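Q: Before I ask anything, here is the structure I am working with.
The values are calculated or read from the model by the stated rules, or taken from the named source; none is laboratory data. None of the values given here were measured: they were computed from a predicted structure. FYI the Cβ positions are ideal-geometry reconstructions off the backbone, even for glycines, and counts take in every protein chain you see. Surface areas here come from the heavy atoms of the whole protein model, side chains and all, with no ligands, DNA or RNA. Shrake-Rupley method; radii C 1.70, N 1.55, O 1.52, S 1.80 Å.
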Amino acid sequence: QVQLVESGGGLVQAGGSLRLSCAASGRTFSMYAMGWFRQAPGKEREFVAAISWDVAVTYYADSVKGRFTISRDNAKNTVYLQMNSLKPEDTAVYYCARKTGGDYYALPSYTYWGQGTQVTVSS
């Protein structure tokens, strides 16, 4: 059973920064790509960023490119999302997920999900 626990969300003013963390249980963390998604009220869950198992490749949604950075520490079973220059439209619940196949950008490619952490950006 894989458990993913996000932390680091909160309330921040526009232009500010937050760093999200996602801690994973188990000994297979380093074998899988990981992703971050977000879901705003009344909207569908959307892709934010992903990172390959070996840190060699990263992927970003156009809306966050240049502002967000995904990283991982396989020794700590943790994936991070550094969010800078935050905008009110970044307000959402942010989820981390483990990729088990398919397209990096697609929701169905991810099997295990955390419970989410709320990020609220005030204007």
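Q: If Val2 satisfies every condition in (1) in contact with a Ser or Thr (Cβ under 7 Å, 6 or more places away or on another chain); (2) assigned to a strand (DSSP E or B); (3) closer than 14 Å to Tyr112 by Cα but one, which is the exception?
A: (2)
Q: Picking from Thr58, Thr69, Thr117, which residue would you name as being within 17 Å of Gln3 (Cβ to Cβ) and of a type in the set (Val, Ile, Thr)?
A: Testing whether each residue is within 17 Å of Gln3 (Cβ to Cβ) and of a type in the set (Val, Ile, Thr) leaves just Thr117.
Q: Condition first: more than 14 Å from the chain's Cα centre (by Cα) and surrounded by 13 or more Cβ atoms within 10 Å (Cβ to Cβ). Now tell me which residues in the stretch 11-31 satisfy that.
A: Passing the criteria: Val12, Ala14, Gly16, Ser25, Gly26, Phe29, Ser30.
Q: Quickly run through the stretch 32-56 and pick out the residues that are without any contact (Cβ under 8 Å) to a residue 60 or more places away in the chain, at negative phi and open to solvent by 60 Å² or more (accessible area, probe 1.4 Å).
A: Pro41, Lys43, Glu44, Glu46, Trp53, Asp54, Ala56
Q: Residues that are open to solvent by 70 Å² or more (accessible area, probe 1.4 Å) and more than 25 Å from Ser25 (Cα to Cα): which strands (runs of 3 or more DSSP E) entirely in the stretch 65-123 hold 3 or more of them?
A: none
Q: Out of the residues in the stretch 26-64 meeting the condition of being among the hydroxyl-bearing types (Ser, Thr, Tyr) and over 15 Å from Tyr80 (Cα atoms), tell me which one is modelled with the highest pLDDT.
A: Taking the candidates together, the pick is Ser63.
Q: Just need a number here: residues in the stretch 5-55 that are in a strand (DSSP E or B) and either more than 23 Å from Asp90 (Cβ to Cβ) or of a type in the set (D, E, K, R) (or both).
A: Residues flagged as in a strand (DSSP E or B) and either more than 23 Å from Asp90 (Cβ to Cβ) or of a type in the set (D, E, K, R) (or both) within the stretch 5-55 amount to 5.
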